[in-house]
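**Q** Just dropping this structure here.
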Amino acid sequence: MLRTCMKFFRFVLVLTRPLSDRILDLIYRLIMGKTKELPAIHNKILLMTATELAEKIRKKQLSYEEVMKAYVERSKAVHPYINAVVDERYEDALRDARAIDVFLANTTKSEEEIHRDTPLLGVPFTCKEAIGVKGMIQANGMKRYKDRIKPQDSDAAALYREAGAIPMTVTNVPELCMWWETANIPFGMTKNPYNNTRTVGGSSGGEGAIITSAAALIGIGNDLAGSIRLPAAFCGIYGHKPSRYVISNKGEYPECSEAWDEIVSTGPMCRYAQDLVMLTRLLAENNENVKWDQEIDFRKIKVYYMEEFPGFLNRAVPDIKAAIRKAAKHFEEEYGIKPSRIQLGDLRYAFNMWECRVLEIQSQGIIAELAEDADINLYWEIVKSLFRCSDHTLPIIYNALIERNCKDKFYYRCLKRFKELERRFEEILEGDAILLLPTQPEPPLHYLMTIPKFPNLGYNGIFNILGYPVTQVPGGFSRGLPVGIQVAGRRFQDHLTLAAGVELDKIFGGWKSPCSISV
C-alpha cells in the first residue's frame, strides 16, 4: 500500500514537473526567504588544486600555516550559510600545520622524497562524520549519539593523514546516513550553496556543500546508493565510487562487514579533476586489481550512453539529456569513436533491485537503531515528526516503514530481474568500455521532494549492487543548478572511468564557484 501511494504521488509530480517546480520555488521563497549568496572568495589559496598546494608547500613558496588559516577562515565564514560542519578542530589543525612548517624548515629530505612519502603534505581535508576521525564526533546524524567521540581514525582518514593531510572538520549527514537529503535532529539541515531552498543530496551532503563553497579542497565520503555521487552532482564537484573491495570501509558507518562491503564503497570527493585520480589511488593503496598505470587510448574504448532510465517516472530533464549527448559527442569528435545509445528495460526497476538487496543485508536494522532494540510505533513517530516532537527525521521513519513492509512477492521478482540485468551489463561493458548516464534525472530537488522521488536513487544504487566503479563529473547547469554525469565501467575498471572523467573536464569545465571571486 505504501509503495502504491508513493508511486501515484510521484506520477503526479512527474506529470506536472514544470509547473510544480515553479510553485515549489515560490513556496520555499516565502518560507525561507530569498536565497543568500555565500561570501565572496578573496584568497587565491582557496582556488589552488591539492596537487598545486602540496607542491608550493614542498618548495616553501607557501607555509602550511598560511594555507590552514585560509581554510579555517573560509569554513567559519560560510558555515552560517550552509550548516555543513558538525565538529571542528581548527586550533589543533593550525598547531599541526605549524609543526609541519618546522619540520620542512629543518628536514634533510629532498622535495622528491617528501612528495613520494607524503604527497598530500600541506592539504587540509574534511570528511563526513560517519567516516570516523579520531577525537571527533561520529553521531551518524542521530540524536542519541550526538556526543559520541570516535576513538581512532577510520582506515580512509588514516591514509589521508599518513599522506600528510590534516583533518579540519567532519561534516553533516542524514540520520543513519540512510537518505539523500542531509538533515537530522541534532545538527539540522545542510543547505545547497547554489540555492538555499534546494537539497545538497546525501548522505555525504556536508562534504559536497563545504567543498564546493571553497571551505575545503578534498574530502572523503562513502557510497551506499549514490552517497558520494549525489552530493557531488548537486554541488558541482567530483567524486568517485570505487569498485567493490578496492578501498577499505573499516572504522566507518555502516559498520564494516562482509555483507555491507559488497555494496558500500568509500571514495574521494574534491573540487578539481586533476586531484581525483591521485586521491583514489591513495585511498586504494594502489590496489593491485586496478591497472592504475595503464595508458588509456580513447580511440580503442567502447562508449555507451543512456539519456535516462526507461519508464515515465524516470524521465530526465532536457538539460541533463543534452549534457549526456554532449559528453558522448566529445568522444566521437575527439577520438573517432562511434558512441552507442543503449536502453535496458529492467532498469525501470533499478531502485527496487537496490532496495531488495539492502533488505537482504539489513533485516529490521533501521528499526532496531531507532528503537534502541525496543518496539517503536512508526506511524506514531510520523505524527510526532510533523510537530517536531520525534527524535527522528521523517525520511528515516519512511525508510523504516519500507524495511518493515517490503519483503513480498515483488521483492523476490526484483532479485530475479537483477540477475538478468547483471548478465546484460557484463556483456555490454566487456573489455575496455564505459557507460555515460545522468547522476540524477533532475537538478537538486526542493527539500522533502526527495521522499516521493526516492526511486530516483535507482540511477545510483544499481551500480552499488553491481559492484562497479563510477566517476561523477560536473556536467554543467540546469536553471542555475548543478547537474552531474556518471561514468561507469565494469568492476576494476576504475582507472578507465577516472580517465574518462578527467577527459570530460575539458568540455564541461569542472567546478564553478557558487559565489563571486575577487582575488
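**Q** Name every residue in the stretch 103-122 that is within 20 Å of Y160 (Cβ to Cβ), aliphatic (A, V, I, L, M) and not in a loop (DSSP other than H, G, I, E, B), in order of residue number.
**A** L104, I114
**Q** May I pose another question? If you go through the stretch 145-162, how many residues are surrounded by 15 or more Cβ atoms within 10 Å (Cβ to Cβ) and farther than 24 Å from N287 by Cβ?
**A** 3
**Q** Identify all residues within the stretch 239-298 that are on the phi < 0 side of the Ramachandran plot, out of contact with any Lys or Arg (no Cβ under 8 Å at 6 or more places or on another chain) and aromatic (F, W, Y); write none if there are none.
**A** Correct list: Y253, W260, Y272, F298.
**Q** Return the total of residues in the stretch 466-494 being crowded, with 24+ Cβ neighbours inside 10 Å and either part of a strand (DSSP E or B) or in contact with a Cys (Cβ under 8 Å, 6 or more places away or on another chain) (or both).
**A** Selection size over the stretch 466-494: 13.
**Q** Looking at (1) assigned to a loop (DSSP other than H, G, I, E, B); (2) within 17 Å of I247 (Cβ to Cβ); (3) among the hydrophobic types (A, V, I, L, M, F, W, C), which is the only condition F463 fails?
**A** For F463, the exception is condition (1).
**Q** Is it the case, given these coordinates, that G480 is small (G, A, S), on the phi > 0 side of the Ramachandran plot and touching a residue at least 40 places away in the same chain (Cβ under 8 Å)?
**A** yes
**Q** What's the number of the only condition in (1) in contact with a strand residue (DSSP E or B) (Cβ under 8 Å, 6 or more places away or on another chain); (2) hydrophobic (A, V, I, L, M, F, W, C); (3) part of a helix (DSSP H, G or I) that V303 fails to meet?
**A** That leaves (3) as the condition not met.
**Q** Just the residues that are in contact with a His (Cβ under 8 Å, 6 or more places away or on another chain) and under 18 Å from K453 (Cα atoms), please, taken from the stretch 284-327.
**A** none
**Q** Let me ask something additional. Can you name the residue in the stretch 96-118 that is touching a residue at least 60 places away in the same chain (Cβ under 8 Å) and under 17 Å from Q61 (Cβ atoms) and, of all such residues, is farthest from the chain's Cα centre (by Cα)?
**A** Filtering first and then ranking leaves I100.
**Q** Residues of the stretch 249-280 being under 17 Å from the mean Cα position of the chain (by Cα), modelled with pLDDT of 95 or more and in a loop (DSSP other than H, G, I, E, B), which ones?
**A** Within the stretch 249-280, N249, E252, I263, V264, R271, Y272 meet the criteria.
**Q** So is L104 under 16 Å from M168 (Cβ atoms) and not polar (S, T, N, Q) or not?
**A** No, not satisfied.
The values are calculated or read from the model by the stated rules, or taken from the named source; none is laboratory data. Given the structure is predicted, the values throughout are model-derived calculations rather than measurements. Counting neighbours? That spans all protein chains shown, and the Cβs are built from the backbone with ideal geometry, glycine included.
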